[in-house]
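Working notes for the structure below.
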Ligand code: G1P
């Protein structure tokens, strides 16, 4: 059994049309929640889960993501010369030493499953993680991906994070069928992508964290596009669970859907309230307003 994960894949090729005009030239993953771009939260979560290899599946107009994780020579030299040690540290802390970033392009928008399949040649034969940066999860000191990795380490099963949503929202998510939960974990019997509420097997929605067996890549090779014309990771997982154990993990933390403006604003307020320097002033201002 494999002891952990080395690689995390970040599908970041989406156009982000819901945030136009902000995302006309800026990738949606670079929009900041307070002072950090969304993708930075995702990368920190991956690194906290032990990942040493980060694979970004990018597309056109996404160059700023690679720039963000490169060393910024001009900026660093300037800050160094001006003696701005703290700012220099902030700029450098974007990526810890020993963590490698790799980039692969999804040249056509053929769905999340297709995007993940594009990472195949950069992921080894072991289980790997996936983080969808739109799904920001505040789980204190124990980020969700690290919890999934621990579960995978203990059981060898693939594992995906889920949370309860109002039944009328099932058509926005992958939805799981689980017989029973024991200590937040349940073995998957089925999974469907964006079912109508009347047909949904439960109200437990997949939220963007996965640890999957690399067998998923072989399955994705023959996964057919769905009625929307997209190759879904959900459909590939539905096939995987017929061969191997796949578990659902109900996390405790607070999830913000930063793919929507409302979720993004909510995250901004919550992370603003908790910010080490601004939190006090911001909370007082909010409470007085
Ligand atoms: C994707 C997945 C879906 C999952 C969701 C979580 O959908 O296809 O199964 O529940 O992410 O955010 P998307 O939001 O990209 O339409």
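Where a number appears in this text, it was derived from the coordinates with a stated rule and is not lab data. The shown structure was predicted, so the numbers you read here are calculated from the model rather than taken from an experiment. Cβ: placed from backbone, ideal geometry, glycine included. Neighbour counts: every protein chain shown.
Quick look at the values:
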read-out: Mean Cβ count within 10 Å, highest first, over the residues of peptides 73-81, 230-238; value: 230-238, 73-81
read-out: Shape call, segment 1-157: gyration tensor on alpha carbons, a/c limit 1.5; value: oblate
read-out: Gain upon complete extension [residue 261, residue 288; 0.36 nm per residue less C-alpha separation]; value: 7.3 nm
read-out: Nearest 10 degrees, 0 to 90: helix 261-274 Cα axis against the chain principal axis; value: 60
read-out: Gap separating the Cα centres of segment 210-246 and segment 133-197, nearest whole Å; value: 16
read-out: Rough spin-label spacing in nm, given labels placed 7 Å along Cα→Cβ, for residue 26 and residue 125; value: 4.5
read-out: Contour excess over end-to-end distance, with Cα ends at residue 243 and residue 164 and 0.36 nm allotted per residue; value: 25.8 nm
read-out: Chain lengthening between residue 278 and residue 141 when straightened (0.36 nm per residue, less Cα-Cα); value: 47.3 nm
read-out: Ordering of 102-113, 198-209, 178-189 by burial proxy (mean other Cβ atoms within 10 Å per residue, highest first); value: 198-209, 102-113, 178-189
read-out: Protection proxy ranking, peptides 87-100, 249-262, average beta carbon neighbours within 10 Å, highest first; value: 249-262, 87-100
read-out: Cα→Cβ-extended label distance, 7 Å offset, between residue 75 and residue 184, nm; value: 3.4
